[in-house]
Amino acid sequence: MLKHLLSPVQAGSISLKNRVVMAPLTRSRAGQPGDIPRALNVEYYSQRASAGLIVTEASQISRQGQGYAWTPGIYTDAQEAGWKNVVDAVHEKGGRIAIQLWHVGRISHTLLQENGAAPVSASAITAANSQCFVVQEDGTPANVQTSEPRALSIEELPGIVEQYRQATRRAKRAGFDLVEVHAANGYLLQQFMSTNSNVRTDAYGGSLENRARLTIEVVDAAIAEIGADRVGVRLSPNFVAHGIADTEADAMALYLAKAFNERGIAYIHIAEPDWAGGPELTQAFREQLRATFKGTLICCGGYSAAEAEELIASGLSDSVAFGRSYIANPDLVERFAAGASLNKADRNTFYGGEEKGYTDYPFM
Ligand code: FNR
């Protein structure tokens, strides 16, 4: 009875066999040293290839863009080759896959940065009550308060855009169907968007248009590399963690949606408030977003199959992404189709480790 959720849909030029999207999920299991996707990651993603679209875990586009130990990168030849193995395995099973491109900005620590440098952000404002994950000097892993960032100079911003451009080029070479620009969850691009994390006085700060500028330049760079019909963007307008408190969040999301619609990008992926807190999206916002953006809309955050079906039937979203359900159910689509019960996800094995809690969740 999930006739909408299980029906095909387009995302730009890519045909998706159903509307069940695997949400981006950081699992902190990249091969070390070098943060390189390895055989275990190939198995994990290929187990989930019946999703209409897999969005990979966030993948840093540079060393500077990393905020957590053991997350995969997409900026070295070895990382690109590792991702190609993932993509090939997913394609072999008839799946489609996007890579989420990530620069964490200030959600990082000097221990993760080259030569112990400060992380970078829109402004030199530390994210309040915000932790990142590091391997300490004595070799033990720990969650630690993020370091004080330095503000990027205006001369450095083309270099940031270039990081996204290079990562998109590598993603295309690795065979990804799409790239998803991670402009959500309080990372670098949202640090530029949000009124409380950006106090710049140049062309990238102040007005809403200025605070949106870097994100639009990044999206344009991705479009130039792979084509608008293969670019998606993740936004989280109501996100409140990692020190984000934006007084113009809905207006920003709608402004960006209009800009992305003009460019004809493949999709916008909305991360709705979940366990991290934040107000719910309003019905008015959902309707304005739908009216503004004609491409594919994906919503994510706490959906059951029945709720996803209802949202798609209402016309307010084209697809729904599932996070924790996908951690625990490699055959989520088949379970939905059969009306079967779902395995429960174990929080203790979300981040780090090997196959336990990663590739050993049972199929039906
Ligand atoms: C996440 N989420 C997330 N979001 C994102 O944009 N990039 C990422 O790398 C991650 N990583 C991540 C790891 C883990 C362990 C969890 C649980 C979540 C958020 C995720 O994509 C999704 O928005 C939420 O999980 C809400 O959806 P569900 O789980 O309620 O279906």
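None of the figures in this text is laboratory data; all of them are computed from the coordinates on show. Owing to the predicted nature of the structure, the values given are computational and were not obtained by experimental measurement. Here the Cβ is made from the backbone with ideal geometry for all residues, glycine too, and neighbour counts use every protein chain on show.
Table for the structure above
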item	result
In sequence order, calculated HN-Hα J values of the range 212-219 (Karplus, 6.51, -1.76, 1.60; Hz; x Gly/Pro)	8, 4, 5, 4, 5, 5, 5, 4
Karplus 3J(HN,Hα) series, Hz, for the range 337-347 with 6.51 cos²θ - 1.76 cosθ + 1.60 (x for Gly, Pro)	4, 8, x, 7, 6, 10, 5, 8, 7, 9, 4
Count of Lys pairs (Cα-Cα under 27 Å; at least 8 positions apart or interchain) in the chain	19
Whole-Å semi-axes of the ellipsoid equivalent to the range 33-104 (Cα gyration tensor, √5λ, descending)	21, 12, 9
Within a Gaussian network of the chain (alpha carbon springs, distance under 10 Å), most fluctuating of His109, His91, His269	His91
Per-residue HN-Hα couplings for the range 166-180 [Karplus 6.51, -1.76, 1.60; θ = phi - 60°; Hz; x = Gly/Pro]	5, 5, 5, 4, 5, 4, 5, 5, 6, x, 4, 6, 8, 10, 10
Compactness index (Cα Rg / 2.2 N^0.38 Å), the range 1-143	1.19
Calculated diffusion of the chain, Stokes-Einstein form, Kirkwood radius summed over Cα pairs, 25 °C and 0.890 mPa s, µm²/s	121
Cα gyration tensor of the range 111-199 - equivalent ellipsoid semi-axes, whole Å, descending	24, 19, 14
Cα-based shape type of the range 252-338, given that a ≥ b ≥ c are square roots of the gyration tensor eigenvalues and the cut on a/c is 1.5	prolate
Dipole magnitude of the range 1-143 about its Cα centre (Cβ charges: Lys, Arg +1; Asp, Glu -1), debye to nearest 20	720
Amide H within-cut-off set for Ala11, under 5 Å, with H built and near neighbours excluded	Leu16
